[in-house]
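> What follows is a single structure, and I will ask about it in a moment.
The values are calculated or read from the model by the stated rules, or taken from the named source; none is laboratory data. In this text the structure is predicted, and so the values were computed from the model without any measurement. A quick note on method: Cβ atoms are made from the backbone with ideal geometry, for glycine too, and the neighbour counts reach across all protein chains shown.
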Amino acid sequence: MPRRKAAVIAAPRDTSSDEVALRALYHKDPLRILPNALWKTVARLQSLECRFIDDAGSVTGVELREPGKLLIYGTRTQDPLKAASVKLDGVPTVYIHNDFVAPLAPWFDRKEAFFRLVHTGSELPLRATVPGYTIRQVDTTTELPLVATILHACYDTSTPGTNEIAMWTKRPVFAPRAWLWIIDRKEKRPIALGIAETDRLTGEGSLEWIQVLPAFRSLGLGTMLVQELVYRLEQKVAFTTVVGQMKNPCEPEHLFRRCGFAGRDVWWVLHR
């Protein structure tokens, strides 16, 4: 029988220079440069083509492209005509700041808007408390199935399962003190969940999940969670970011602004 040819595995591409440049750019204006916390983009740089945008000798933006899959376009400039020159090359998904969405939107069928806010820790709110409820840290060695159950109960769509959630605890940004329950003292069970990540290299915290069971909403428990997370993150990071859907009946943007988050940046995800 003929021998099979050995599979050739490409060596990992050196993305260190791209990462350094991206970090420097992100620190100048995090809400305009990327649609998400920096660590999420750094984690996938191996699969992204990275082109930095030069304006009069200064790096002002970045174009990140995964051929045939997606494009991320972020820049500090505010000239909407800049985006008109972006080559789509048939990508089905584009992430782009609100200032530049107009020239590209007609080419896409579905459009979703997301707010992006930041908390600098300069004015920490009072830590809210709600009678009958207390905060406890999640035991990530035994309670991940319960985390999955709470997330599933808060959404009509599919949510991460236990195995996927377990992978979150293996990431470099995993912060066990930023996985929190709110416990109903009477029923002695978790009824709300907050999860945040800590990117110490960037100095950025990111709120990932703030979920309250439907029967316990409008009691102030979301505020209680967010404020506690901000306090815990403030000890480790320079700033904390959060992303959320603009069209959400729970109005999460109002919640975060009440807790000291600020910003006016909106990102669009365009699909076709």
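> Looking only at region 87-116, count every residue that is touching a strand residue (DSSP E or B) at 6+ places or on another chain (Cβ under 9 Å) and within 16 Å of His271 (Cβ to Cβ) and tell me the total.
Of the residues in that region, 19 qualify.
> Of all the strands (runs of 3 or more DSSP E) wholly in region 9-124, which have at least 1 residues that are of a type in the set (Asp, Glu)?
Those strands (runs of 3 or more DSSP E) span 49-55, 58-66, 110-119.
> Looking at region 94-112, can you tell me whether even one residue there is on the phi > 0 side of the Ramachandran plot, in contact (Cβ under 8 Å) with a residue 40 or more places away in the chain and either in the same structural domain as Lys186 (by TED's automatic domain parsing) or surrounded by fewer than 18 Cβ atoms within 10 Å (Cβ to Cβ) (or both)?
No, the conditions are met nowhere in region 94-112.
> List every residue pair whose Cβ atoms sit under 8 Å apart, with the two residues 6 or more apart in sequence or on different chains, where the first one lies in region 113-132 and is closer than 22 Å to Leu34 by Cβ and the second, anywhere, is small (Gly, Ala, Ser) and not in a strand (DSSP E or B).
Qualifying pairs under 8 Å: His119/Gly260; Thr120/Ala238; Gly121/Ala238.
> Still on this model: Report whether or not Ala128 is closer than 30 Å to Thr77 by Cβ, in a loop (DSSP other than H, G, I, E, B) and not assigned by TED's automatic domain parsing to the domain that holds Gly222.
no
> Now, a different point. Which ones in region 121-134 are within 23 Å of the chain's Cα centre (by Cα) and surrounded by 14 or more Cβ atoms within 10 Å (Cβ to Cβ)?
Passing the criteria: Gly121, Leu124, Pro125.
> Here's a follow-up. When Tyr155 is evaluated against the numbered criteria (1) of a type outside the set (D, E, K, R); (2) in the same structural domain as Glu228 (by TED's automatic domain parsing); (3) surrounded by 15 or more Cβ atoms within 10 Å (Cβ to Cβ), which criterion, by number, is the only one it fails?
Among (1) of a type outside the set (D, E, K, R); (2) in the same structural domain as Glu228 (by TED's automatic domain parsing); (3) surrounded by 15 or more Cβ atoms within 10 Å (Cβ to Cβ), Tyr155 violates only (3).
> I'd like the residue in region 195-215 that is of a type in the set (Gly, Ala, Ser) and buried (at least 21 other Cβ atoms within 10 Å of the Cβ) and, out of all such residues, is nearest to Asp184 (Cα to Cα).
Among them, the one singled out is Ala196.
> What residue, of Ile53, Ile72, is crowded, with 16+ Cβ neighbours inside 10 Å, closer than 24 Å to Leu270 by Cβ and at pLDDT below 90?
Ile53
> For region 231-271, what are the residues that are over 19 Å from His97 (Cβ atoms) and part of a loop (DSSP other than H, G, I, E, B)?
Scanning region 231-271 gives Gln235, Lys236, Val237, Ala238, Asn248, Pro249, Cys250, Glu251, Cys259, Gly260.
> Right, another one. If I ask for residues that are of a type outside the set (Val, Ile, Thr), touching a Pro at 6+ places or on another chain (Cβ under 7 Å) and either surrounded by fewer than 16 Cβ atoms within 10 Å (Cβ to Cβ) or closer than 21 Å to Ala175 by Cβ (or both), which ones from region 216-272 would you list?
Of everything in region 216-272, those that are of a type outside the set (Val, Ile, Thr), touching a Pro at 6+ places or on another chain (Cβ under 7 Å) and either surrounded by fewer than 16 Cβ atoms within 10 Å (Cβ to Cβ) or closer than 21 Å to Ala175 by Cβ (or both) turn out to be Gln227, Gly244, Cys259, Gly260, His271, Arg272.
> Being over 18 Å from Arg136 (Cβ atoms) and out of contact with any His (no Cβ under 9 Å at 6 or more places or on another chain) is true for just one of Thr202, Thr162, Thr240. Which residue is that?
Thr162
> Inspect all residues belonging to region 184-202 and state whether any of them is assigned to a loop (DSSP other than H, G, I, E, B), in contact with a Ser or Thr (Cβ under 9 Å, 6 or more places away or on another chain), more than 17 Å from Leu233 (Cα to Cα) and free of Cβ contacts under 8 Å to residues at least 60 places away in the same chain.
yes
> Would you say Thr77 is closer than 26 Å to Ala262 by Cα, of a type in the set (S, T, N, Q) and touching a Lys or Arg at 6+ places or on another chain (Cβ under 7 Å)?
no
> Determine the pairs where a residue that is free of Cβ contacts under 8 Å to residues at least 24 places away in the same chain, located within region 148-169, has a partner that is polar (S, T, N, Q) and surrounded by 10 or more Cβ atoms within 10 Å (Cβ to Cβ) with Cβ atoms under 8 Å apart, the partner being 6 or more residues away or on another chain.
That search, which allows pairs on different chains as well, returns Ala148/Thr159; Ala148/Thr162; His152/Thr159.
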